[in-house]
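One structure is given below, encoded as structure tokens.
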Amino acid sequence: ILNVEQSPQSLHVQEGDSTNFTCSFPSSNFYALHWYRWETAKSPEALFVMTLNGDEKKKGRISATLNTKEGYSYLYIKGSQPEDSATYLCAFDSGNTPLVFGKGTRLSVIA
Amino acid sequence: DVKVTQSSRYLVKRTGEKVFLECVQDMDHENMFWYRQDPGLGLRLIYFSYDVKMKEKGDIPEGYSVSREKKERFSLILESASTNQTSMYLCASSLPNSPLHFGNGTRLTVT
């Protein structure tokens, strides 16, 4: 069974702090790595889809990096705001089977 | 913008009832998926479909079936609801090798 691990499981930060969390995935049969943000009472929304080793993507204060050789991705949030509070999910994409999701990192930003 | 609509936000059913969860997407996506989300377990794949009348078992298909008679609609059926099927159910759709678009979820309680 394919294993996608996210750490930490949950995180509390103060408004204005920068933070990061990790997604580990198998380095074989890699096609893409997805990041999703899931806010309470809403549906998960795609943040990034990353395919190339060394990829770095950015969306406002959120960015992500990808290392396919060692099988990890980092998600960074710069200057966290209360509206960043959400569960962040990563998902491994082998290209020919459904996505395999990690259990998520629940971020709470305290004003 | 892609819209994935799940027919009910909240449902309460009795043990043994047959339950239908409906999902409709409006962007002509080939792929559709049903997940359930439980605390500490993340998103787990129940069934998926890559085409009309096609269905494949996911990681936890037991106690469920699905129907895809039309491209835009993917129904999840609980043949005889049990209390361990109390959960949040999420439907998603996508084009091949593209990010998932999720519905808002159905919180099902089986009493």
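Here's the yes/no breakdown for (1) away from chain A (no Cβ under 14 Å); (2) touching a His at 6+ places or on another chain (Cβ under 6 Å); (3) open to solvent by 10 Å² or more (accessible area, probe 1.4 Å); (4) at pLDDT below 95:
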site	(1), (2), (3), (4)
B:Lys53	yes, no, yes, yes
B:Gly58	no, no, yes, no
B:Gly63	yes, no, yes, no
B:Phe74	no, no, no, no
B:Thr86	yes, no, yes, no
B:His101	no, no, yes, no
B:Asn104	no, no, yes, yes
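What strands (runs of 3 or more DSSP E) completely inside chain B contain at least 3 residues that are within 20 Å of A:Pro44 (Cα to Cα) and in contact with a Cys (Cβ under 8 Å, 6 or more places away or on another chain)?
Working: elements: B:4-6, B:10-13, B:19-21, B:23-25, B:31-38, B:42-49, B:64-70, B:73-78, B:87-94, B:106-110.
The qualifying strands (runs of 3 or more DSSP E) are B:4-6, B:31-38, B:73-78.
Taking interchain pairs and intrachain pairs at least six residues apart, which have beta carbon atoms under 7 angstrom, with the first residue in the stretch B:68-84 and of a type in the set (S, T, N, Q) and the second open to solvent by 70 Å² or more (accessible area, probe 1.4 Å)?
Listed by first residue and then by second, the contacts come to B:Ser75/B:Phe20; B:Ser80/B:Lys18; B:Ser82/B:Thr15; B:Thr83/B:Thr15.
Among the residues of the stretch B:28-51, what is the count of those that are more than 17 Å from B:Leu78 (Cβ to Cβ) and either more than 12 Å from chain A (Cβ to nearest Cβ) or among the acidic types (Asp, Glu) (or both)?
Going through the stretch B:28-51 one residue at a time, the tally reaches 4.
Can you say whether B:Ala92 is under 27 Å from A:Thr51 (Cβ atoms) and either open to solvent by less than 40 Å² (accessible area, probe 1.4 Å) or of a type in the set (D, E, K, R) (or both), as far as the supplied structure shows? Let's see the steps before the verdict.
Details: under 27 Å from A:Thr51 (Cβ atoms): yes; either open to solvent by less than 40 Å² (accessible area, probe 1.4 Å) or of a type in the set (D, E, K, R) (or both): yes.
Yes; evaluated as a whole, the condition is true for this residue.
The values are calculated or read from the model by the stated rules, or taken from the named source; none is laboratory data. Just so it is clear, the model here is predicted, and its values are computed rather than measured. So basically every Cβ, Gly included, is an ideal-geometry build from the backbone, and we count neighbours across all protein chains shown. SASA here: full protein model, heavy atoms, side chains in, ligands and nucleic acids out. Shrake-Rupley method; radii C 1.70, N 1.55, O 1.52, S 1.80 Å.
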